[in-house]
Amino acid sequence: MKKSPLMIGLGILLLVGVTATALFFSGIFGKNDTETALTPQAQTERLTSFFLLRKIKRLRDRAVYIQHREEGRKLLELSGIPLTPANSAESSSSSGSALPTSSL
Amino acid sequence: MRIRLGSLLVLCLFCGFLSQNAEAQSIPADQTKILFIENVGLPSVRSIIRSLETQNAPVPSELTAIAESAGDPDAFYALASSYFGTGWQERISRDASSLMDPEAAAMVRVRIYLASLGSNAERIARTSTVDANEIRKSAQNLMRQSQYIRSDDERKEFYAAFANAQEKIFPEESGPDLSDFRMEVTALLQEIVDAIDILVDGMNGTSLKKDQSALEQQLAIITGNQELTAWLARFDTFAGKLLSYATAANTSMILADAHSLLVQLHTYLTQLEGQGIDSQGFMEESAALLTTSAEKLSPASFETFITGLEDLLTRISQQFPSS
């Protein structure tokens, strides 16, 4: 029996569809499988990275706080407005001033 | 057939005309932005940057980013508007044209500082006792006040308000100073040595350890803000390199990992208690966290849980240094 081009086309489409669906589901379930089968070492790596990133971010936030405080003091000092004794002691100890660089 | 072809051709021509027309209409808006950036925006930002450099003042990264985005008008507008707020076009051109006068240049430096204070309010509020909204409001009010200074009295009034806000946001008696920061960094750099061992193998690990050691040495010479900024730039490069080895994870993955860790930790502490060794309350604490880790957590509860876990692990490692 001679098959029409339309039938052949539909057959190819069906094949492609089935393969794509199979790949899609194998991708999803495969990912879940690897997640549940994660080794303790991989889990430690993931937690280490997570905590490290948190600490680095916190440290950068502290740096932003210190940098703004120092620059604010410097600006007040340059304005010629009389400073409190504590302020002037701190300001004279810093040689320059700077604002934050980009965050992580 | 000819009629069909003819109609198709007409249709194509009509579509082409429409798309060209739409393009022609979209040009003026972009063109206005490009012209503004080329003639006013970019030269103004560059003049402000040059002025800050001449004053040996800091150049906020946001300002450099605005200048660098000049090739992309939309990005330039978005960055400038989020950094300087509404009316930024007028403000930067006015500031740039006043830079020849030293007093005005100093005031532009103050305004750049206030813009930076406002845009970093969230981060500063994590250390300050003042919340982010109040910091932002304070920076905006001062910014507004700075634009209406006409007399010496008004200038004094402005600086008094500025000093007040500074004292509130960065109180003298609390908040970390450079020596606290140095101690904190030293502790983190020590932890990083362990992290390198966990995350990186071979030559890359050795190279990172060398960088870590150099950062530790350079930390000792930080005495002011300029050295701190230079050190932070090196630290950022190092952190970026180290974190490129990090494993990406979402909240549920971290919660699952934390749960496994707590199961092991709690089992170990229970065994210690069973052998008659006092776990100093850590067993009960780990049990409480273990229960939480099995629950479905909101973002806020997740943050509380993680902070609790981090704190517990830090205290355990301080109490039992070899663990």
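The values are calculated or read from the model by the stated rules, or taken from the named source; none is laboratory data. Keep in mind that what you see is a predicted model, and the values were worked out from it rather than measured. When we count neighbours, we look across all protein chains shown, and the Cβ atoms used for this are built from the backbone with ideal geometry, even at glycine.
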Test: B:ARG144 is under 30 Å from A:LEU47 (Cβ atoms), surrounded by fewer than 16 Cβ atoms within 10 Å (Cβ to Cβ) and either at pLDDT 90 or above or facing chain A (nearest Cβ under 8 Å) (or both): no
Within segment B:206-306, helices (runs of 4 or more DSSP H) holding 2 or more residues that are over 30 Å from the mean Cα position of the chain (by Cα): B:251-274, B:282-293
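Could you tell me whether segment B:146-157 includes any residue that is touching a Lys or Arg at 6+ places or on another chain (Cβ under 7 Å) and of a type in the set (Ser, Thr, Tyr)?
Our first condition is that a residue be touching a Lys or Arg at 6+ places or on another chain (Cβ under 7 Å); within segment B:146-157, this holds for B:146, B:149.
Among the residues that remain, those that are also of a type in the set (Ser, Thr, Tyr) are: B:146.
Checking segment B:146-157: at least one residue is touching a Lys or Arg at 6+ places or on another chain (Cβ under 7 Å) and of a type in the set (Ser, Thr, Tyr).
Is it the case that segment B:234-246 has a residue that's within 15 Å of A:GLN43 (Cβ to Cβ) and within 11 Å of chain A (Cβ to nearest Cβ)?
There is at least one residue in segment B:234-246 that is within 15 Å of A:GLN43 (Cβ to Cβ) and within 11 Å of chain A (Cβ to nearest Cβ).
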Residue ID - farthest from B:ASP131 (Cα to Cα), chosen from residues in segment B:152-180 that are assigned to a helix (DSSP H, G or I) and in contact (Cβ under 8 Å) with a residue 24 or more places away in the chain: B:LEU178
Residues of segment B:122-138 satisfying the condition of being in contact (Cβ under 8 Å) with a residue 12 or more places away in the chain and within 10 Å of another protein chain (Cβ to nearest Cβ): B:ILE124, B:THR127, B:SER128, B:ILE135
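Conditions (1) at pLDDT below 90; (2) closer than 29 Å to B:GLU191 by Cα, marked per residue:
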position	(1), (2)
A:LEU47	yes, yes
A:LEU53	yes, yes
A:ARG60	yes, yes
A:TYR65	no, yes
A:SER92	yes, no
